[in-house]
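Since the structure comes first, as structure tokens, the remarks are kept for the end.
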Amino acid sequence: MARTTVPLTRDLLDQIEAPCRSCVFWELDPVRRQRLDREGAAHEKDAWVSEVLREWGSCGRVLMIDGAPRGYIIYAPPAYVPGVAAFPTAPVSPDAVVLTTAWVDPSYDGVGLGRLLVQGMARDLVSRSDEGVRAVEAFARTGRDRGRTSCALPADFLARVGFKTHRAHPTSPRMRMDLRAAITWRDELGAAWEKLRGVVRPAPAKTPTPAHRER
């Protein structure tokens, strides 16, 4: 099974058959959301992605399995995410972007693909640290409140992929992943790889000693 992540584009988003494909909980304020039907919401989602890509840059990764999109993750600066105002643990820290959505085709549950998406997001944001991005934050839902805010990611999933509670709340904690940890992880992985290459690299062939010529 060939699997990788690639930058989110509108074309790829159109190919994803996810239940949250037309959800604009994060992208629009409640008044604008209530005026839209499903088709209108999908149009607004496309327009939002185009706007963020144009004005800010990469805002998501798509999980590709054997060449087909099977999941995605979306993130953006809080200025583009009015939906955060619905949470009691808002606002987001000024040095963080918001992880809004992460979805994987249920037929691939339990094989670590959510972690792969989060790692793709971290690599993207680490490369943009000169823009002042230091962390990713997400509004989570706990086991006590799985039906109230269904658009929030489960707290146990976020904890498994490297997030820690930044502002506690019984049902809607705000969780954070510091990108410095991601940088350290990447550097350590690179050092381990170089060390491994040194271990398995074949020793240079010895130069044969020339035979003594007989006088």
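Is there a residue being at negative phi, in contact with a helix residue (DSSP H, G or I) (Cβ under 8 Å, 6 or more places away or on another chain) and surrounded by fewer than 20 Cβ atoms within 10 Å (Cβ to Cβ) anywhere in the stretch 96-113? Within the stretch 96-113, not a single residue is at negative phi, in contact with a helix residue (DSSP H, G or I) (Cβ under 8 Å, 6 or more places away or on another chain) and surrounded by fewer than 20 Cβ atoms within 10 Å (Cβ to Cβ).
Of all the listed residues (53, 12, 28), the sole one being over 18 Å from the mean Cα position of the chain (by Cα), modelled with pLDDT of 90 or more and either under 15 Å from residue 81 (Cα atoms) or not aromatic (Phe, Trp, Tyr) (or both) is 28.
Residues of the stretch 21-42 that are β-branched (Val, Ile, Thr) and surrounded by 11 or more Cβ atoms within 10 Å (Cβ to Cβ): 24 alone.
Restricting the stretch 135-158 to residues that are acidic (Asp, Glu) and open to solvent by less than 60 Å² (accessible area, probe 1.4 Å) leaves a set whose member that is modelled with the highest pLDDT is 137. Report yes if residue 122 is among the small types (Gly, Ala, Ser) and in a strand (DSSP E or B), otherwise no. No, not satisfied. Evaluate the following for residue 48: is it more than 26 Å from residue 109 (Cα to Cα) and open to solvent by less than 40 Å² (accessible area, probe 1.4 Å)? So residue 48 passes the test.
When every residue of the stretch 170-180 is checked against the conditions, at least one turns out to be modelled with pLDDT of 95 or more, surrounded by 14 or more Cβ atoms within 10 Å (Cβ to Cβ) and part of a loop (DSSP other than H, G, I, E, B). Answer yes or no as to whether residue 133 is more than 26 Å from residue 68 (Cβ to Cβ), of a type outside the set (S, T, N, Q), touching a residue at least 12 places away in the same chain (Cβ under 8 Å) and assigned to a loop (DSSP other than H, G, I, E, B). The answer is yes for residue 133. Mind checking which pairs have a first residue in the stretch 1-30 that is more than 12 Å from residue 63 (Cα to Cα) and a second that is modelled with pLDDT under 90 and exposed (fewer than 12 other Cβ atoms within 10 Å of the Cβ), Cβ under 6 Å, 6 or more apart or different chains? Filtered contacts from the stretch 1-30: 22/38.
Residue-by-condition table, conditions (1) open to solvent by 40 Å² or more (accessible area, probe 1.4 Å); (2) under 18 Å from residue 114 (Cβ atoms); (3) within 18 Å of the chain's Cα centre (by Cα):
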site: 3; (1), (2), (3): yes, yes, yes
site: 8; (1), (2), (3): no, yes, yes
site: 19; (1), (2), (3): yes, yes, no
site: 60; (1), (2), (3): no, yes, yes
site: 64; (1), (2), (3): no, yes, yes
site: 78; (1), (2), (3): yes, no, yes
site: 88; (1), (2), (3): yes, no, no
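Being at pLDDT below 95, more than 14 Å from the chain's Cα centre (by Cα) and over 22 Å from residue 93 (Cα atoms) holds for only one residue in 188, 131, and it is 188.
The values are calculated or read from the model by the stated rules, or taken from the named source; none is laboratory data. This is a predicted model, so every value here is computed, not measured. Note that we place each Cβ from the backbone using ideal geometry, even for glycine, and neighbour counts take in every protein chain shown. Each accessible area value is taken on the protein alone, full model and side chains, heavy atoms only, with ligands, DNA and RNA left out. Shrake-Rupley method; radii C 1.70, N 1.55, O 1.52, S 1.80 Å.
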